[in-house]
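No lab work stands behind these numbers, since they all come straight from the coordinates. Everything numeric in this text was worked out from a predicted model, so none of it was measured. As a convention, Cβ positions derive from the backbone with ideal geometry for all residues, glycine included, and neighbour counts pool all protein chains shown.
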Amino acid sequence: MKVTKIESVTKTKFKVYVDDQFAFVLYKGELSRYRIVAEQEITREIFQKIKEEVILKRAKLRALHLLNDMDRTESQLRTKLKQGLYPEDIVEQAIAYVKSFGYIGDASYARRYITSRQKSKSKKEIYAELCRKGVARDEIDAAMEECYEDIDETAAIKEILRKKRFDIQKATDLEKQKLYGYLARKGFSYDGIRQVIQVSDWNA
C-alpha cells in the first residue's frame, strides 16, 4: 500500500489518499505520529490501526455530538458524517454504534416529530416533511396511525388561526373562502376546515 497523495483541507487537516483512493482525513500531528508521507509505503497494519483507533473513534464521537445537538433521522446523520469526510464503511460503523445504544431510530424519531407538530400542522405537511428527512414511508405510516389515533385535526387548524390572529367571527365571506383555500393547500380536510369555521359562526 502506498500513500499516493496528501491534500490540504485546512491548515491542520489533510485528506490522505492510499493507492490513488481517498482513505481518510488526518490532522497534522497524526500525520507525524503515524509517519504518513506522500509517495511512501504504509503497512496494512498501520492503515487498519488508523481507521479503527483514530477515524472510527472520531466518527462515533461526532455522531454522538450531532445527536446531542439535535434530533436526527438515520439519513440525516449519515449525510452529516459524509459531509465530515468520513469513509463510507466508517459512517456505517458509527451509525451502527449509536443505534446499538438506542440513540437513533427512525420509528421513534417519526413519533416524536409527529407529536411535537400535530397540533399546528396537517398530517399531509408532516408526512411530506418526514419523507424529505429520509424516513421510510412504512415507518411514517405506522407512526401516523399510532399518533393520530385520538387526535382531531381541528386543534391544529385552530392553532394556525390563532397564530395568524384570524378572527372568523369578523371575517367576510371572501376572507373565509381564502382561508378555506389556504388550509386546504396545507393538507387539512374540507370537513375539518368546515367544522372549525361553522362552529365559530354558530358561536358568533
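Can you match Rg and Dmax of the Cα atoms in Å to one of these, [x] 16.9, 58; [y] 22.9, 73; [z] 25.8, 83, based on a calculation from the structure here?
Here the calculated entry is [z].
Rg(Cα) of the stretch 54-161 divided by 2.2 N^0.38 Å? Numbers along the way, then the final one.
Working: Rg = 16.0 Å, N = 108, 2.2 N^0.38 = 13.0 Å.
Ratio of Rg to 2.2 N^0.38 Å for the stretch 54-161: 1.23.
From zero outward in steps of 5 Å, how is the percent of C-alpha pairs of the stretch 1-111 spread across the bins?
Here the calculated profile for the stretch 1-111 is 2, 12, 22, 21, 16, 11, 8, 5, 2, 1, 0.
Assuming 0.36 nm per residue, please report the length gained on full extension of the stretch residue 173 to residue 85 beyond their Cα-Cα distance. Please report the intermediate quantities before stating the final value.
Numbers: separation 88, 0.36 × 88 = 31.68 nm, distance 5.65 nm.
Gain on extension, residue 173 to residue 85, equals 26.0 nm.
Give the shape of the stretch 122-169 as rounded, prolate or oblate, defined through the alpha-carbon gyration tensor: a ≥ b ≥ c are the square roots of its eigenvalues, a/c under 1.5 means rounded, and otherwise the shape is prolate if a/b is larger than b/c and oblate if not. Walk me through the numbers before you get to the answer.
Numbers: a/c = 4.96, a/b = 1.98, b/c = 2.51.
Note, shape of the stretch 122-169 comes out oblate.
So if I take the centroid of the Cα atoms in the stretch 26-51 and the same for the stretch 91-154, what is the distance between those two points in Å?
Centre-to-centre distance over Cα atoms comes out at 42 Å.
How high is the FRET efficiency between residue 107 and residue 163 when r is their beta carbon distance and R₀ equals 35 Å, given to the nearest 0.05?
Values: r = 30 Å, r/R0 = 0.85.
Efficiency computed from Cβ-Cβ geometry: 0.75.
Which length gain, in nm to one decimal place, applies between residue 49 and residue 141 when the Cα-Cα distance is subtracted from 0.36 nm times their residue separation?
28.8 nm
Need the full-extension length gain, residue 190 to residue 12, defined as separation in residues times 0.36 nm minus the C-alpha distance. One decimal, nm.
Working: separation 178, 0.36 × 178 = 64.08 nm, distance 5.88 nm.
Full extension of this stretch gives 58.2 nm more.
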